[in-house]
Amino acid sequence: MNLMRKNIIYLAGCLMLLSACNNSKYDLENLVPQEYHKILYVNNSGKQEMTLYDTGEDYTYTLSVIKTGSDPTLTANAQINVLSQEEVDQLYSNPEAVNYKVLSEESFSLETADLVFTSEDHSKSVNVSVNSTKVKALIESNPEAKWVLPLRVTSQTDSVNAAKNELFLQITGVVTPNVGFFVQSEEVKEFLFGEVPSITEEIEIGLDTENKWDLSCELEIESADFIADYNDENGTVFQMMPEGSYSFDELVSLPAGTTTSKLNVTIDGSKFTIPGDYMLPVKIKSVSQFAVSATMNVYPIKIRVMAKELDRTGWTGTANSEETTGEGSNGAANKVLDGDLGTYWHSIWQNGSGQRGLPYEIVLDAKQNYTFTQFAMVQRGGGFTDTGSGEFYVSTDGNDWGEPVGRFTMKQNTDKQVFGIIPTTGRYVKIRILSSYRDQNCSLSEVYAYGK
């Protein structure tokens, strides 16, 4: 190490002297030792990860070797060697305690193993071809190993930088290319009933690797079962968009050289004759080559058609838990109907009345029947956004509540948060709160209802 450091310092000093002096006075060979006139090194040396795609074609990695030094116009010769398993074990596996395995000879090939640099050459590129199918078989035969292709550049005649003379390619896996939607729609587009416009959605479809093929994708609309499963998983109440309200490209092309394309979906807003939450789940049915993504194969377009906000004048509210003492003038259930965001209902915690602990129930009496389509709620302000999740019920008599008509999970902000329900006719509304962000405490500033 000391000798190498002295050589580097000596070389730096010689180069500084060379730049300061007249070349005619000082001969290059006398100033710079011969071993530094030219030196070779591997560009992007060291460990490099490589993911292979099972396309039936070889994957090509380009190895670059650079010629540099005090006089890079000199000629040079070098060889590319593959490290043996014994060398890999000694240099990598044993020190790192990692089970590296060298790829078999039939699973890769080098364009050339011999590099000849002319005086005009400053770099040489060599293509390394890797057979994805054979590598996949190796991985399957020993999945616990880390498969590698370790390459080293050497020379019998010229200097090679010992710190940058190896390329250690690590195979991270062999995967089948997938076609899928690049994003999954989470946004619900909200419109007022009777004012839903015609909508054109441009949805991006793409291949997850470089596209060298002419691909075609067949599209369809997913079944209502998808919507039912989605509702069960997310606590929503989407229904299929009305028949005849949409049209879409049933075939989308991905020409060679392009990785993405656009799917056009047109929605006719005039076909939405009933308020509610609607979904159009567009599905990639098949692709002409490779596979359809298992996780990004459906794009659910979601629309909420909002009914009119109902006038709550004369409505009354009760709750199974109220804190009307500790919260001063607040705490009673009817505070969620007064139109004042500064007031609120609060569950009992001191000397109020009713049940201590979840679940809490607020019952609203609308005094007459409505067909309810959505509810909206606002968390209490002042940093107490504590109401979590729950259920909505609608009843005609206030006794028989049946099954929930909708579910909610509130965010911890003070925005008006709208939740769709199954359109249901009734006079009474029950909000059943099942969870809290603040122990057993819950509160709400306002509750709004929509319908006709």
Counting all C-alpha pairs of region 34-173, share separated by more than 24 Å (%): 34 percent
Long-range amide H partners of M410 with built H, under 5 Å: S389
In region 133-183, GluC sites (Glu not before Pro) in a DSSP loop with at most 15 other beta-carbon atoms within 10 Å: E144
Reachable lysines, given that their alpha-carbon falls under 25 Å from the alpha-carbon of K430 and they are not under 8 places away in the same chain: K308, K335, K367, K411, K416, K452
Radius of gyration and maximum dimension Dmax of region 314-449, Cα, Å: 13.6, 38
Qualifying GluC sites (Glu not before Pro) for region 228-288 [loop in DSSP, other Cβ within 10 Å: at most 14]: E243, E250
Under 23 Å from the Cα of K136 - lysines, other chains or at least 8 residues apart: K47, K101, K146, K212
Karplus-derived 3J(HN,Hα), 6.51/-1.76/1.60, for each residue of region 404-412, Hz, glycine and proline x: x, 9, x, 10, 9, 9, 7, 8, 8
Helix 2-20 axis, angle to the chain major axis (alpha carbon atoms, nearest 10°): 80 degrees
Accessible area of region 314-449 belonging to carbon and sulfur atoms, whole % at 1.4 Å probe: 43 percent
Amide H within-cut-off set for Y246, under 5 Å, with H built and near neighbours excluded: D268
Whether region 245-316 is rounded, prolate or oblate, judged on the alpha carbon gyration tensor where a/c under 1.5 counts as rounded: prolate
Accessible surface of region 38-135, 1.4 Å probe, proportion on carbon and sulfur as whole %: 42 percent
Probe 1.4 Å, accessible area per residue of the chain, Å²: 50 Å²
Between 0 and 90°, nearest 10: helix 132-141 axis offset from the chain longest Cα axis: 80 degrees
Per-residue HN-Hα couplings for region 50-62 [Karplus 6.51, -1.76, 1.60; θ = phi - 60°; Hz; x = Gly/Pro]: 9, 9, 9, 10, 7, 10, x, 10, 5, 8, 10, 10, 9
Surface share of carbon and sulfur [accessible, 1.4 angstrom probe, percent] for region 176-304: 45 percent
Ellipsoid semi-axes in whole angstrom, largest first, where each is sqrt(5λ) of the Cα gyration tensor of the chain: 70, 30, 21
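The values are calculated or read from the model by the stated rules, or taken from the named source; none is laboratory data. On a predicted model such as this, the values are computed, not experimentally measured, just so you know. Don't worry about glycine lacking a Cβ; one is built from the backbone with ideal geometry, like all the others, and counts go over all protein chains shown. Note: areas computed on protein heavy atoms with side chains; ligands, DNA, RNA excluded. Shrake-Rupley method; radii C 1.70, N 1.55, O 1.52, S 1.80 Å.
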